[in-house]
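Okay, structure first, notes after.
The values are calculated or read from the model by the stated rules, or taken from the named source; none is laboratory data. Just so it is clear, the model here is predicted, and its values are computed rather than measured. Here the Cβ positions follow ideal geometry from the backbone for every residue, glycine too, while neighbour counts run over all protein chains shown.
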Amino acid sequence: MNVSGATNGVEKKKKRRKKTLAPKISNSKVGYLKKKGFFGTWKEHYFSVEAGSLMEFKDNKSKKAEKAYSLKDYTVQSAENLTGVPLSLALMNANDNKTIFFSAATPQEFREWMRALKSQCRLSNFEQTLENTLRAINDAAILTDDTGTILSINGPATELYGWTKEELVGQDVKIIMTKDVSKKEEERRRRRKKKKKKKKEEEEEEEEEEEDEDRDG
């Protein structure tokens, strides 16, 4: 993700393009998990984790979520030592000491849920920090991902361009750039793409090591 000043080489656009959807956060996951209830019973539900939230459904045919958990301020860890249940994991909120326990059906499912939840928790907390940073900047500033998609924008930037935050989020940042700056942005994207590929390989190796530690712990 990138936070950039918005006052150099940009121009206000009067003609508005068709709005595109913002990209989903990577490492999403859907499937069944058992959740520990108030009385210590484990009940199976269908879950979906994406875009910084964990959604709970009655089953895989349900269209409306029964519950939704924002993963902001949450962390996840293996919980077999806490529950005595193999392949269990704990979703913990440090602010209110709330802990939710889940268990997976197979070691593969356990690894996939751990990877997805860890990724979503990290990204959710990181994005919140960046949002706070944007609000603290007095000059116009924009938050984008590595593809140039606008993820957020502060108040001074909306005043500069005449667009609302809702209108700009999900758009390509080139919509508010001049032609010359747009070409430079394309070059930066290509360089970032190479760096991102290398970083992703390193992160996957790190996640595999963390999963091994979780299983051993």
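Of all the criteria given as (1) under 25 Å from residue 203 (Cβ atoms); (2) in a helix (DSSP H, G or I), the one not satisfied by residue 157 is (1). The residues in region 102-141 that are more than 25 Å from residue 80 (Cβ to Cβ) and free of Cβ contacts under 8 Å to residues at least 12 places away in the same chain can be counted, and the count is 3. What do you reckon, is residue 133 β-branched (Val, Ile, Thr) and not assigned by TED's automatic domain parsing to the domain that holds residue 44? Criteria met by residue 133. Across region 132-150, the number of residues qualifying as at pLDDT below 80 and not polar (S, T, N, Q) comes to 2. Among the residues making up region 41-61, those that are at pLDDT 90 or above, in a loop (DSSP other than H, G, I, E, B) and of a type outside the set (Ser, Thr, Tyr) are 58, 59, 60, 61.
Going through (1) over 25 Å from residue 206 (Cβ atoms); (2) buried (at least 16 other Cβ atoms within 10 Å of the Cβ); (3) within 19 Å of the chain's Cα centre (by Cα) one by one, residue 131 falls short only on (2).
Quick check on region 26-38. Is at least one of its residues at pLDDT below 90 and either in the same structural domain as residue 150 (by TED's automatic domain parsing) or over 14 Å from the mean Cα position of the chain (by Cα) (or both)? Within region 26-38, one or more residues are at pLDDT below 90 and either in the same structural domain as residue 150 (by TED's automatic domain parsing) or over 14 Å from the mean Cα position of the chain (by Cα) (or both). Number of residues in region 73-91 that are within 18 Å of the chain's Cα centre (by Cα), crowded, with 19+ Cβ neighbours inside 10 Å and over 18 Å from residue 203 (Cα atoms): the value is 2.
Does any residue of region 99-122 turn out to be among the β-branched types (Val, Ile, Thr) and farther than 23 Å from residue 207 by Cα? So far as region 99-122 goes, no, none of its residues is among the β-branched types (Val, Ile, Thr) and farther than 23 Å from residue 207 by Cα.
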